[in-house]
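The values are calculated or read from the model by the stated rules, or taken from the named source; none is laboratory data. All values derive from a computational prediction rather than experimental measurement. Neighbour counts are summed over all protein chains in view; Cβ atoms, including those assigned to glycine, are modelled from backbone coordinates with ideal geometry.
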Amino acid sequence: MLPRTLGDLRTSQFGDEFHRTRTIKDEMRTNLIRRLNEKTPIFPGIIGYEETVIPQVINAILSRHNMILLGLRGQAKSRILRDLITLLDEVVPVIAGCEINDNPFKPICRRCRDLITELGDRTPIEYRSRDERYVEKLATPDVTIADIIGDIDPIKAAKGGHAIGSELSVHYGLLPRANRGIFAINELPDLAGKIQVGLFNIMQEGDVQIKGYPVRLPLDVVIVFSANPEDYTARGKIVTPLKDRIGSEIKTHYPVNLDHGVAITEQEAWIQRNSARILVPEFVKQVIEAIAFKARGDQRIDKRSGVSQRLPISCLENVISNAERRAILAGEDQVIPRIADIYSALPSITGKIELEYEGELKGADSIARDLIRQAVQMIFRHYYPTTDFKQVIEWFEMGGHLKLSDLDPASSVLSHLERVQGLLDKIDGLGVKADSPAGLHAAAGEMVLEGLHSMDKISRSEERGFAASERKVPGAQELYRDYTLERNRYKKPLN
Ligand SMILES: [Zn+2]
């Protein structure tokens, strides 16, 4: 049973010297050191930062710093900040009814100090959980001092008969309400300079001015921020004294390799659905991830805003849904996505890339299709670095062509693929075994054709489906040359 009065609290474990006087930064530091000693992972759900970001966050906490995470969108910044609550105690005692979670042994608000004078050891105590000790705010230009720090409430003053400048007439903002907790501000550069100064004053002195009245607020908070790196370093966006007070500046990044990306996407995407058995081939996951990798390196896409990890996450969800739709319509009992499903998932891709001028000229759809094709090529080359597909290519050059629809059931796709000589012999390269489900055979066979298409070995068009590469169609070159000659003949000589 947790103590319910100040008197009982005094004689409990919460009443020892350390608990009475420590700050939240001491509390996090102590819990962190215990976890490090126990060798338990610190932020277990965060993949790919084990050797880069996480050690720096740990050092910041050991140093009792306020910190900022600098990174592009979708780099798990908010997630790391939210995970900081795992370093808090299960519960902390506060004076019951206090708006700013006052420490029973060191109350800062006037109401609580008056209450203790009146009730002494009978002062009631309540507790705050970890979740209740995290306050988050997205900075936007219209956020005011009143939102973050507080406002003078004339009605409160009149009712209580307090002077306007008295702390009893203050209506507290988010930061005081985060007292004894973690206060996170996302996109710090969007916060007005005046509020940045207010934050600095509280971090520095515990004094702040509200509507010209000085109010003393010696808060006990960890303030953590996130920002886009370019905005943060742009001149004049952050007031220098505030920047000085942020002890650690930690840069986040996108997954450094495809495997990390695949693991993050698998963890975050909604894959386990109730409806059917879902099997996403490894190469489909990798192609989806490669789309994000290709997009991050593409000149036609705005580097400043980045390409969020939410692109592959939404894409995978959409790809599974398209396969799910096919399975329902075709009465299949397994949901096995193929590359065609990625093309059907364009709506989950186009909204997540900010185009540069050159990209805008081409349009988001066409850029997205191009990225899928590049991604297919990257993964195809990975699985088949040296394989000879001559027989397959020749089948098309002899005039063969086949059209596959994303709604064709696996059996129908396979019956088409079987016609292409030498094709299904090669799918073991994609990890498909003889006893793998038919849907996986179909997906792998289609992947090979998509791979050959991505390398211009065969073509793919709306009306004919997969066919010989246009350059290889007998007579095509000649035809084109004749046409050019013909056209030139009618050109007027310049003189
Ligand atoms: Zn209080």
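See the values below:
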read-out	value
Count of the range 196-236 residues which are in contact with an Asp or Glu (Cβ under 8 Å, 6 or more places away or on another chain), in a loop (DSSP other than H, G, I, E, B) and within 24 Å of Val53 (Cα to Cα)	1
Subset of the range 167-193 that is touching a helix residue (DSSP H, G or I) at 6+ places or on another chain (Cβ under 6 Å) and of a type in the set (A, V, I, L, M, F, W, C) - its residue that is nearest to Arg64 (Cα to Cα)	Ile182
Condition met for Phe396 (among the hydrophobic types (A, V, I, L, M, F, W, C), crowded, with 19+ Cβ neighbours inside 10 Å and touching a Gly at 6+ places or on another chain (Cβ under 7 Å))	no
Residues that are surrounded by fewer than 16 Cβ atoms within 10 Å (Cβ to Cβ), under 18 Å from the mean Cα position of the chain (by Cα) and not in a loop (DSSP other than H, G, I, E, B), drawn from the range 264-283	Gln267
Test: Lys137 is in contact with a helix residue (DSSP H, G or I) (Cβ under 9 Å, 6 or more places away or on another chain), within 16 Å of the ligand (Cβ to nearest atom) and farther than 23 Å from Thr21 by Cβ	no
Hey, Asp121 farther than 27 Å from Glu187 by Cβ, assigned to a loop (DSSP other than H, G, I, E, B), of a type in the set (D, E, K, R) and away from the ligand (no atom under 16 Å from the Cβ) or not	no
Condition broken by Gln75, with the remaining ones in (1) outside any helix (DSSP H, G or I); (2) over 25 Å from Gly198 (Cα atoms); (3) out of contact with any Cys (no Cβ under 9 Å at 6 or more places or on another chain); (4) within 16 Å of the ligand (Cβ to nearest atom) satisfied	(4)
Unmet requirement for Lys472, which otherwise passes all of (1) buried (at least 18 other Cβ atoms within 10 Å of the Cβ); (2) at pLDDT below 75; (3) not aromatic (Phe, Trp, Tyr)	(1)
Which listed residue, of Val215, Val221, Val197, is under 30 Å from the mean Cα position of the chain (by Cα), of a type in the set (Val, Ile, Thr) and farther than 18 Å from Leu81 by Cα	Val197
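Yes/no per residue for (1) within 15 Å of the ligand (Cβ to nearest atom); (2) under 18 Å from Ala227 (Cα atoms):
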{"position": "Leu69", "(1), (2)": "no, yes"}
{"position": "Leu88", "(1), (2)": "no, no"}
{"position": "Glu99", "(1), (2)": "yes, no"}
{"position": "Ile116", "(1), (2)": "yes, no"}
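Yes or no, residue by residue, for (1) under 30 Å from the mean Cα position of the chain (by Cα); (2) in a loop (DSSP other than H, G, I, E, B); (3) buried (at least 20 other Cβ atoms within 10 Å of the Cβ):
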site	(1), (2), (3)
Val57	yes, no, yes
Thr86	yes, no, no
Asn101	no, yes, yes
Arg111	no, no, no
Thr117	no, no, no
Tyr127	no, no, no
Asp151	no, no, no
Ile155	no, no, no
